[in-house]
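Please treat every number below as a calculation from the coordinates, not as lab data. Bear in mind the structure is a predicted one, so any value in this text is a computation, not a measurement. Every residue, glycine among them, receives a Cβ derived from its backbone with ideal geometry; neighbour counts consider all protein chains shown.
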Amino acid sequence: MTEVVPIIIVTYNNEETIDTCLTSLLRTKLEGVEMKVIIVDNSSKDSTRKKILKHEGEISEIMLLDRNHGYPGAIIRPHNSIEGKHYKYFVLLNPDTIVTENWLSELISVMEEDPKIGAAQSLLLNMDGSVDSAGGFVNLLGYPIELFKGERLTFEKRLARYVEIGYAKGAASIFRLEAYVRAGGFDERFFFYYDETDLCYRIRRLGYKVVLVPRSIVYHKGLGSKVPSKELFVLYYMERNKLLFLLKNMPYCLLPSLLWSLVGALKSGKPRYRHIRLKALLDFIRLTIGCQLKEPLYLEPKSQAKE
């Protein structure tokens, strides 16, 4: 019997990488497994949609959203149809990745061997072969600690069947659908960043394992989506969402992290950085009391704004 595995790719202004990603993905062949490739475009403003539609005959489903729903919001859209089916797993893949021949077979093999594995991540490598991400843990202030970042793993480490980690990066990960549903799925409030971290910590609380599969290799260009003032964009969502993550998963660490963020904001030398950090704190509070935020937060390019 053929196992159908949905592979979800969320795009937003990824015209530089989506072609290469799809070309490598559509070459993946695995006996007894049928890939159901689903692309969800978050209302891209560049030529991403045109490049996706070039592969229309090879892709199972293309969803073109009328606005940007954020990463978890976009993933949730196809889950309305996925959760009603008898799928065992689904895969998340970034549009700036290049998969290798055995990446998927290694992930599925590990999931089949141990039913207590709720999520598994491929080893993400930079184009020069160094480690981009091997998963990680979150420290007591809410910041991610990436394992082996920038290193070149020894042959012995790559031979490991799997290694337990705190969270799997959504750039190339497989999830057990049962664990995903039991954990409550993605929380749309995160919008960008910490969404899969939050999900993995909730999956682990249910008694499942989250693991790295070193023999599943995926190259990650790390270009991501093109957004205005990306440095400030990332700072805002990282600062805001680490607090939301702590509130949900490590509440005993929330107060120290809040104080750390407040001091960091007040000591910021540049007014724009101070403003964005304080806004992140305020918006975290607004999220916790149920306020709806205008997402995403886009900022004027530096040349158009006062420092």
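Using the Cβ-Cβ distance between Tyr87 and Lys209 with R0 = 30 Å, the FRET efficiency computed as 1/(1 + (r/R0)^6) comes to roughly 0.90. Relative to the compact-globule estimate of 2.2 N^0.38 Å, the Cα radius of gyration of the stretch 230-304 comes out at 1.11.
When each of the peptides 86-94, 259-267, 176-184 is scored by how many other beta carbons lie within 10 Å of its residues on average, the order from highest to lowest is 86-94, 176-184, 259-267. Volume per residue of the convex hull around the Cα atoms, evaluated for the stretch 164-280, comes out as 130 Å³.
Applying both filters, DSSP loop and at most 11 other Cβ atoms within 10 Å, to the trypsin sites (Lys or Arg not before Pro) of the stretch 12-43 gives Arg27, Lys29.
When each of the peptides 8-17, 125-134 is scored by how many other beta carbons lie within 10 Å of its residues on average, the order from highest to lowest is 8-17, 125-134.
In this structure, the pairs whose alpha-carbon distance is over 22 Å, taken from Lys88/Lys209; Lys54/Lys230; Lys36/Lys88; Lys36/Lys294; Lys221/Lys270; Lys88/Lys242, are Lys54/Lys230; Lys36/Lys294; Lys221/Lys270; Lys88/Lys242. Projecting the Cα positions of Tyr273, Thr28, Val40 onto the charge dipole of the chain (unit charges on Cβ atoms of Lys, Arg, Asp and Glu, taken about the Cα centre) puts Tyr273 furthest along the positive direction.
Taking a straight line from the alpha carbon of Lys29, these aspartates and glutamates sit under 14 Å away, with near neighbours fewer than eight places off in the same chain left out: Glu3, Glu58, Glu101, Glu106.
Pick from His69, His220, His275: which is most flexible by mean-square fluctuation in a GNM of the chain where alpha carbon atoms under 10 Å apart are linked? The residue with the greatest mean-square fluctuation here is His275. Please label the shape of the stretch 3-220 as rounded, prolate or oblate, based on the square roots a ≥ b ≥ c of the eigenvalues of the alpha-carbon gyration tensor (a/c under 1.5 means rounded; beyond that, a/b larger than b/c means prolate, else oblate). Verdict is rounded for the stretch 3-220. For the chain, relative contact order (Cα pairs under 8 Å, six or more residues apart, normalised by length) works out to 19 percent. Ordered by the count of other Cβ atoms within 10 Å of each Cβ, fewest first, Ser105, Ser44 give Ser105, Ser44. Annotation for the stretch 59-143: GluC sites (Glu not before Pro) lying in DSSP loop with at most 15 further Cβ atoms inside 10 Å of their Cβ are Glu83, Glu101. Highest average first, the peptides 135-146, 231-242 ordered by how many other beta carbon atoms sit within 10 Å of their residues are 231-242, 135-146.
Of the DSSP H helices in the chain, those that are both long (alpha-carbon extent of 24 Å or more along the helix axis) and hydrophobic (Kyte-Doolittle mean at least -1.0) are 230-249, 271-288.
FRET efficiency for the pair Arg274 and Leu140, taken as 1/(1 + (r/R0)^6) with r the Cβ-Cβ distance and R0 = 25 Å, rounds to 0.55. The Rg/Rh ratio for the stretch 19-77 is 0.99, where Rg is the radius of gyration of the alpha carbons and Rh is the Kirkwood radius. Each part gets one Cα centre, and for the stretch 196-269 versus the stretch 130-148 those centres are 10 Å apart.
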